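> The structure's right below; bear with me while I get my questions together.
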Amino acid sequence: MIKVLVTGSEGQLGQSLKLVSKNYSNIEWNFFSKKQLDIRKFDQIIRVVLNKKIQIIINCAAYTNVENSEREFTKAFEVNSNGVKNLVNVCEKLKLKLIHISTDYVFDGKKNGEYQENNKTNPISIYAKSKFEGENNIIRSNSETLVIRTSWLFSPYGKNFVKTIIKRSKHDGEIKVVNDQFGKPTYAMDLAQVIIALILNKNSFKNKVYHFANSGKTSWYNFAKKIISYKKIECKLVPVSSSFFNYKAIRPENSTLSTKFIEKSFNLEIRSWNLSLKDCLKLIDE
Ligand SMILES: NC(=O)c1ccc[n+]([C@@H]2O[C@H](COP(=O)([O-])OP(=O)(O)OC[C@H]3O[C@@H](n4cnc5c(N)ncnc54)[C@H](OP(=O)(O)O)[C@@H]3O)[C@@H](O)[C@H]2O)c1
């Protein structure tokens, strides 16, 4: 039986994997939260991996607060770059396989059209730069790895756009939402399903980068409109430009990821974010 370690197991993706993994009893799952395993600590990783005889690590641990990263850049780099380097070093030392999750924010968003895996990267925020370093740590490693870049993750867990819009639209009569940033929302449960499919496929660990996102490009504003319409919430949504919020972290204008490579390589059919959103909303009680 394959023995798998999931780091950062209390995050959106970690919890989604926990739920989806229940259908895969042919894999031995070891879920470790930040409290149980801090990826900044090499010795802790080694101890867990040896103790549990781990063969594959799925890294769901990350510092994901894009705005706070601008102030706490050391923290962002400690986790997203140095932490990932620790995982790489452990995998090299013990000959383990490693799956890592990266972000659409490695691109500057200036391209018209979808980003392919080999397009020029140019991260523009601290969070994006820290994730980009982490990605490079993996790509340059000698172990068997795989990087999946994803975008606009949502789920019934943790903090995310879908949950924030539901909460705020129920509370406020009017909310302002950015309408000049475009991307592809991704249901963490769909990503979890793909990660498991890749674990079970012998051709996955070839040190390649893949993009995975649900199909369909949208703006945050249109995404929010769908959320409140499916939830039947009465609230006025006002489209605003990115500059309205005075954010410190600059986000890419267009970070739509092309998913053709992963679809072709693993014979996947990716559903639209609309359909996935409907499934996700069934699991959100708020
Ligand atoms: N969310 C998005 O929209 C998005 C978009 C593109 C890519 N991604 C990438 O997708 C992956 C999963 O994202 P997510 O939304 O599931 O993130 P998340 O909900 O923030 O989960 C990340 C988890 O990692 C934990 N963590 C932080 N520092 C750690 C450390 N040093 N050691 C171990 N665990 C640590 C966090 O714990 P605490 O919460 O207690 O700190 C949290 O439980 C990340 O790599 C992220 O960069 C996310």
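The values are calculated or read from the model by the stated rules, or taken from the named source; none is laboratory data. The model shown is predicted, which means the values in this text are computed figures rather than measured ones. Backbone-built Cβ (ideal geometry, glycine too); neighbour counts: all protein chains shown. Surface areas here come from the heavy atoms of the whole protein model, side chains and all, with no ligands, DNA or RNA. Shrake-Rupley method; radii C 1.70, N 1.55, O 1.52, S 1.80 Å.
> Which order do the peptides 9-15, 138-144 take when ranked by the mean count of other beta-carbon atoms within 10 Å per residue, highest first?
9-15, 138-144
> In addition: What's the long-distance tail for the range 149-194, i.e. % of Cα pairs beyond 18 Å?
Within the range 149-194, distances greater than 18 Å cover 39 percent of Cα pairs.
> Which pairs in the list Lys35/Lys226; Lys231/Lys260; Lys111/Lys264; Lys18/Lys97 are over 25 Å apart, alpha-carbon to alpha-carbon?
Distance filter (> 25 Å) returns Lys35/Lys226; Lys231/Lys260.
> If you don't mind, another one. At what distance in angstrom do the alpha carbon centres of the range 1-42 and the range 45-98 lie from each other?
Each part reduced to its Cα centre gives a spacing of 13 Å.
> Further, regarding this structure: Cα gyration tensor of the range 1-105, axes a ≥ b ≥ c as square roots of the eigenvalues: rounded (a/c below 1.5), prolate (a/b > b/c) or oblate?
oblate
> Would the range 196-252 count as rounded, prolate or oblate if I go by the C-alpha gyration tensor, calling it rounded below 1.5 in a/c and otherwise prolate when a/b exceeds b/c, oblate otherwise?
oblate
> Quick one: length gained pulling Asn267 to Lys3 fully straight, 0.36 nm per residue minus the C-alpha distance?
The span from Asn267 to Lys3 would gain 92.6 nm if fully extended.
> Among the lysines, select those whose C-alpha is under 20 Å from the C-alpha of Lys248, and discard any that sit fewer than 8 residues away in the same chain.
Here the lysines satisfying the reach criterion relative to Lys248 are Lys75, Lys110, Lys129, Lys131, Lys159, Lys176.
> So, in Å, what gap is there between the alpha-carbon centers of the range 101-147 and the range 224-286?
A separation of 20 Å, based on Cα centres.
> Related question: Could you do me a favour and compute the accessible area per residue for the chain, 1.4 Å probe, result in Å²?
48 Å²
> Further question on the same structure: Label-point separation (nm) for Ser215 and Glu174, each offset 7 Å from Cα along Cα-to-Cβ?
Each label point is offset 7 Å from its Cα along the Cβ direction, giving 3.9 nm.
> Sticking with this one: Which percent of the accessible heavy-atom area of the range 1-124 goes to carbon and sulfur, probe 1.4 angstrom?
Here carbon and sulfur together make up 47 percent of the probe-accessible area.
> Sort 99-105, 243-249 by the packing proxy (mean of other Cβ within 10 Å over each peptide's residues), most packed first.
Descending packing order for the listed peptides: 99-105, 243-249.
> Between Arg251, Arg149, Arg271, find the one with the highest GNM mean-square fluctuation for the chain; connect C-alpha pairs within less than 10 Å.
Answer for the Gaussian network model of the chain: Arg271.
> Report, to the nearest whole %, how much of the accessible area of the range 174-286 belongs to carbon and sulfur atoms, 1.4 Å probe, protein only.
With neighbouring chains kept in place, the figure for the range 174-286 is 48 percent.
> Here's something else I'd like to know. Calculate, for Glu92 and Ile250, the FRET efficiency according to 1/(1 + (r/R0)^6) with r their C-beta to C-beta distance and R0 41 Å; round to the nearest 0.05.
My answer for the efficiency is 0.75.
> From the Cα gyration tensor of the range 152-286, with a ≥ b ≥ c the square roots of its eigenvalues, which class applies: rounded if a/c is under 1.5, or else prolate if a/b is larger than b/c, or else oblate?
Prolate, since a/c reaches 1.5 and a/b exceeds b/c.
> Between Ile139 and Lys159, what is 0.36 nm times their sequence separation minus the Cα-Cα distance? Round to one decimal in nm.
Length difference between fully extended and current span is 4.3 nm.
> Now for a different question. Could you order peptides 85-96, 171-182, 55-66, 231-242 by the average number of other Cβ atoms within 10 Å of their residues, highest first?
55-66, 85-96, 171-182, 231-242
> May I ask you to compute the full-extension gain from Glu28 to Lys282, defined as 0.36 nm times their residue separation minus their alpha-carbon distance, rounded to one decimal in nm?
Length gained between Glu28 and Lys282: 88.6 nm.
> What distance in nm separates the two pseudo spin-label positions at Lys208 and Gln116, each 7 Å out from Cα along the beta-carbon direction?
Taking the two extended label points, one gets 1.3 nm.
> Next question, about the same structure. Label Lys232 and Asn51 with points 7 Å out from Cα along Cα→Cβ: what is the distance between them in nm?
4.9 nm
> Here is a further query. Along the charge dipole of the chain, which of Ile56, Val194, Phe42 sits closest to the positive end, that is, farthest toward it, with unit charges on the beta carbon of Lys, Arg, Asp and Glu (+1, +1, -1, -1)?
The residue sitting farthest along the positive end of the dipole is Ile56.
> Let me ask something additional. Which of Asn30, Asn160, Asn119 moves the most in a Gaussian network model of the chain with Cα springs under 10 Å?
Between Asn30, Asn160, Asn119, it is Asn119 that shows the largest mean-square fluctuation.
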